[in-house]
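What follows is a short report on a single structure.
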Amino acid sequence: MIISRYISKEIIVNICWVSLVLFGLVLFSRFNNFLGQAEAGKISAENILIAMALFTPELINIVFPLSISLAVGFVLTPLFKNHQTVFESGNLTNLKIVWSQKWVFAGIFATSLFISTFLSPYFTTQGDNLLDRDNSFASKIATPNGLVALQPSTLNAFGSKNEEGYEELIFVDSQSLNRFIYGKTGSIVGDLENPNLKLKDGFLYDKDRNIISKFAEANIPIDGYKDVPYVSTLKLLRSTSLEDLKELFTRLSLPFFCIVSLFFSIVFSSYSSFFGRERTYFFLAVVNIFYLLVTLSAFDTEPISSSYLVFNFFWMHDLFLLIAILMLFKPIKRAFGYEGI
């Protein structure tokens, strides 16, 4: 049907435009976040653009599902508001509209599945490794000089960084000024997994113990770094551990959200004929945002058992699918005050 092809085309076009706008907003927010980390010395300025590129699939993975409901509401709410009688005279019910968009459903699910199960996990792992590797002592002491937390509740480091190493390093106790270590120069020795900070020509001051101890050279162990390997979705499917099952469900949540949200949005958009376009679109956006937040936070807790993970994965999708199915029935429409039935 011509109307079905028109709806499919408009949904796809609007999903692309809405995704582009939302992606620009979240990208700008993430860029500001990285700038703040670079200013605090937690990430090197030269790695900001690389980190942005690596985390781009993760941002798309979140933006794409939300854009679906917004785009569907933008396309269908005015159609149902202004042409409901045309749909009814042509016997074009909600279920027929849903069935006519079966290829849109399949394309959206396949796209989200690819992004969520392969693209986003792989590049996010690489981005996390980059930040962890860069978030070492070497990037914490940076010009201009400033107090930067080296380790929470232990010592803060004050000093300057140059091409050869560090100068005028002072480690101050974060709780008071009664204890600190000073080194005229410093450098990082060892590998990434077992690094040490080598200080030269310095002293230790501890007021509580009445200690002032000079040293020509001192080695201070600092936190090491080790790459976190990427685990493919196929490997997760073959694993039986709870942690891997949790990660698998986390990756599959958004593709399931996409198809349920699309079905729910098509059904709910039909209520604009008596709710009004603006109110319908507003409630559609709010409900889907809430649904997305619940989906993203479903696996924040530690896994207790496989049945617990299965319940966390399915309950919100089943609930919104059930609500959408119930909203197809005339008694539910009458309960909302629709007088045309």
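Brief remarks follow.
- Consider the range 92-114 and keep the residues that are under 29 Å from the mean Cα position of the chain (by Cα) and polar (S, T, N, Q). The one that is farthest from Arg251 (Cα to Cα) is Gln101.
- Of all residue pairs spaced 6 or more apart or on separate chains, those with beta-carbon atoms under 7 Å, a first member in the range 236-252 that is exposed (fewer than 15 other Cβ atoms within 10 Å of the Cβ) and a second member that is in a helix (DSSP H, G or I) are Leu237/Leu248.
- Within the range 4-56, the set of residues being under 30 Å from Asn94 (Cβ atoms), of a type in the set (Ser, Thr, Tyr) and surrounded by 15 or more Cβ atoms within 10 Å (Cβ to Cβ) comprises Ser4, Ser8, Ser19.
- Subset of the range 318-334 that is out of contact with any helix residue (DSSP H, G or I) (no Cβ under 9 Å at 6 or more places or on another chain) and more than 29 Å from Ala298 (Cα to Cα) - its residue that is modelled with the highest pLDDT: Phe329
- Qualifying residue in the range 226-236 (condition: in a helix (DSSP H, G or I) and within 16 Å of Pro65 (Cα to Cα)): no
Residues checked against (1) under 17 Å from Ala298 (Cβ atoms); (2) among the β-branched types (Val, Ile, Thr); (3) in contact (Cβ under 8 Å) with a residue 60 or more places away in the chain; (4) not assigned by TED's automatic domain parsing to the domain that holds Ala110:
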| position | (1), (2), (3), (4) |
| --- | --- |
| Asn210 | no, no, no, yes |
| Ser213 | no, no, no, yes |
| Leu234 | no, no, no, no |
| Leu254 | yes, no, yes, no |
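- Flag for Glu278 being modelled with pLDDT under 90 and in a helix (DSSP H, G or I): yes
- Being loosely packed, with under 14 Cβ neighbours inside 10 Å, in contact with an Asp or Glu (Cβ under 9 Å, 6 or more places away or on another chain), modelled with pLDDT of 80 or more and closer than 30 Å to Asp128 by Cβ is a condition met by no residue of the range 200-223.
- Boolean, Ala324 is part of a helix (DSSP H, G or I), crowded, with 16+ Cβ neighbours inside 10 Å and either in contact with a strand residue (DSSP E or B) (Cβ under 6 Å, 6 or more places away or on another chain) or in contact (Cβ under 8 Å) with a residue 40 or more places away in the chain (or both): yes
- When the residues of the range 178-192 are filtered to those that are at pLDDT 65 or above and in a loop (DSSP other than H, G, I, E, B), the one that is surrounded by the fewest Cβ atoms within 10 Å (Cβ to Cβ) is Asp191.
- The set of residues from the range 304-321 being of a type in the set (Gly, Ala, Ser) and buried (at least 16 other Cβ atoms within 10 Å of the Cβ) is empty.
The values are calculated or read from the model by the stated rules, or taken from the named source; none is laboratory data. In this text, all values refer to a predicted model and were calculated from it rather than measured experimentally. Note: ideal-geometry Cβ built from the backbone for every residue, glycine included; neighbour counts use all protein chains shown.
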